[in-house]
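Where a number appears in this text, it was derived from the coordinates with a stated rule and is not lab data. Given the structure is predicted, the values throughout are model-derived calculations rather than measurements. So basically every Cβ, Gly included, is an ideal-geometry build from the backbone, and we count neighbours across all protein chains shown.
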Amino acid sequence: MNITTSLLNMTKTEQSLSALPLRFIAGIIFTAHGAQKLFAWFGGYGLVGTGQWMDSIGLSPGFIMALLAGSAEFFGGLLLILGFLTRPTSFVLAITMIVAIFNVHLNNGLFMSNNGFEFGLSLIAITTALLIQGGGRYSVDNFLFQKLTAN
């Protein structure tokens, strides 16, 4: 499989508008949460503080785990907003949320009021929908796909 075929497979998308609000809203949420972990923005603790916390819950080495989770969320969120590489980005973000649920939220039950997993589960639903349908009509993915298939 050559790079053009791979790019075609990654950028092919349904022509629906439904991906746009999913991408945009999830992208904002993921970007903000990633910024908390990476840069201590929006009341976050940055890499050092987040890394120490991750070490304390058994995700070691904490600094590296904070860097990976924060990068996936921050850069993945930006990619979702643009609709660029939506499918692989959604896959990485869904895995990130699965890790968060199993390592942080599962024992607290469903509800957010108890630090439960309902919010993470909602983000998994959104990223799974984007993984299935792609970035949609108004996405960089669609633009690239149209350019690659125009002959």
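The relative contact order of the chain, computed from alpha carbon pairs under 8 Å that lie at least 6 residues apart in sequence, is 32 percent. For segment 29-98 versus segment 10-24, the inter-centroid distance based on Cα atoms is 22 Å. Translational diffusion coefficient of the chain (Stokes-Einstein, Kirkwood radius from Cα pairs, 20 °C, 1.002 mPa s): 134 µm²/s.
Of the chymotrypsin sites (Phe, Trp or Tyr not before Pro) found in segment 1-46, the ones in coil according to DSSP and having at most 12 other Cβ atoms within 10 Å of their Cβ are Phe42.
Using Cα atoms only, what is the angle between the long axis of helix 19-39 and the major principal axis of the chain, expressed in degrees (0 to 90) to the nearest 10? The answer is roughly 40 degrees. A simple count of charges around Phe84, restricted to other residues whose Cβ falls under 15 Å of its Cβ and scoring Lys, Arg +1 and Asp, Glu -1, yields +4.
Compared with the dominant principal axis of the Cα atoms in the chain, helix 86-100 is inclined by about 20°. Computed per residue of the chain from DSSP H runs no shorter than four, each worth -39500 (n - 2.57), the mean residue ellipticity at 222 nm is -22000 deg cm²/dmol. Treating only the Cα positions of segment 1-47 as identical point scatterers, give the base-10 log of I(q)/I(0) from the Debye formula at each q in 0.13, 0.18 Å⁻¹. Those come out to -0.53, -0.70, one per q. Computed from Cα atoms, the angle from the helix 118-133 axis to the main principal axis of the chain rounds to 20 degrees.
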